[in-house]
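Every read-out reported here was derived from the displayed coordinates using simple, explicitly stated rules and does not represent laboratory data. Quick caveat: nothing in here was measured; it's all calculated off a predicted structure. For neighbour counting, all protein chains shown are included, and Cβ atoms are generated from backbone atoms with ideal geometry for every residue, glycine included.
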Amino acid sequence: MIDSQTTFDERQYAAAFRRDGYFICEDVITPGDVEQLRQAVASLPTRQEVRRKRNVYGVRNMLEICPAVRSLASKKSVRRFAAAVLGEHAFAVRAIFFDKVPDANWSLFWHQDNVIAVKERHDVPGFIAWSQKSGVWQVQPPAETLAQMVAVRVHLDDCGHGNGPLRVLPGSHRFGWLDDELDDWKNRVPEVVCAVRSGGVVAMCPLTLHASAASETAGHRRVIHIEYAAADLPAELEWNNRIGSAERHELSPAHRAPR
Ligand SMILES: O=C(O)CCC(=O)C(=O)O
């Protein structure tokens, strides 16, 4: 397990993450932790189950509704994937549970994640496309906000090529929104398949171009996807959660939306 300081070099990790926009690490949590999380997820009330974006099976608001996921988000071995890149004050802002099973199988075309969850709606320049999902405000921030976030995806099942793994285009997180350049990126940059075993992690910048195919197998493909940030939002906007750090940090002026 990478809790032993010897096997996880934070500097090497952070350099690779900043360059590639993703990182795969096996054996981050124990089989016992995996089992506890599987049980915690299985015992969520069914009314919390939602479908997210085009038939994607997911459960939102996991930091709010699942204490085991709150603990996971603060666990050193998991949080360090965010802290090594964003700084020690990194905090978890949102978590989603994803599963793929034969009767809830799904795929997603290449995209960048483009929303964050905030406590209340305040119309601030640069923050657009407001919506409310499962009672929580979602908004598209400037790309710079997402560029300063890390998503840590904790796997609760072995996820090989046939299980609908995440696929990424390395380096695509460094260029802002890529809607108009998607074809160029797909043609030019070989995709990486993020195969990882149960208990492992895929860390990803939300701006990294990613896609996900349907699973070809009968089992689960359970992932707890935790997003971390490290800076306050501008004006009156507040992250919907700040788990794992009590400190508040201002965005640098370069990343602050004009008022
Ligand atoms: O879990 C996956 O395979 C993909 C999830 C995804 O693309 C997303 O969160 O935007």
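Here are some notes:
- For Glu26 and Glu238, the difference between the fully extended length at 0.36 nm per residue and the C-alpha to C-alpha distance is 73.0 nm.
- Note on Asp103 and Ala211: the model spin-label points, each 7 Å out from Cα along the C-beta direction, lie 3.0 nm apart.
- Sparsely packed loop sites in the stretch 75-163 (the GluC sites (Glu not before Pro) outside DSSP H, G, I, E and B with at most 16 other Cβ atoms within 10 Å) comprise Glu88, Glu120.
- The stretch 145-192: C-alpha gyration tensor shape, a/c 1.5 cut-off, then a/b vs b/c: oblate
- Student exercise, the chain dipole from Lys, Arg, Asp, Glu Cβ charges, in Debye to nearest 20: 360
- Computed over the stretch 46-136: relative contact order in percent, which uses C-alpha pairs under 8 Å that are six or more apart: 28
- In the chain, Cα pairs under 8 Å separated by at least six residues give a relative contact order of 29 percent.
- Cα-based reach from Lys186 at 20 Å (exclusive), listing aspartates and glutamates while leaving out same-chain residues under 8 positions away: Asp20, Asp113
- Distance between the 7 Å Cα→Cβ label points at Glu88 and Gln12: 2.4 nm.
- Extent of the chain along its three principal axes (Cα atoms, max minus min coordinate, largest first): 50, 42, 42 Å.
- Anisotropy class of the stretch 84-137 from Cα gyration tensor, a/c 1.5 cut: oblate
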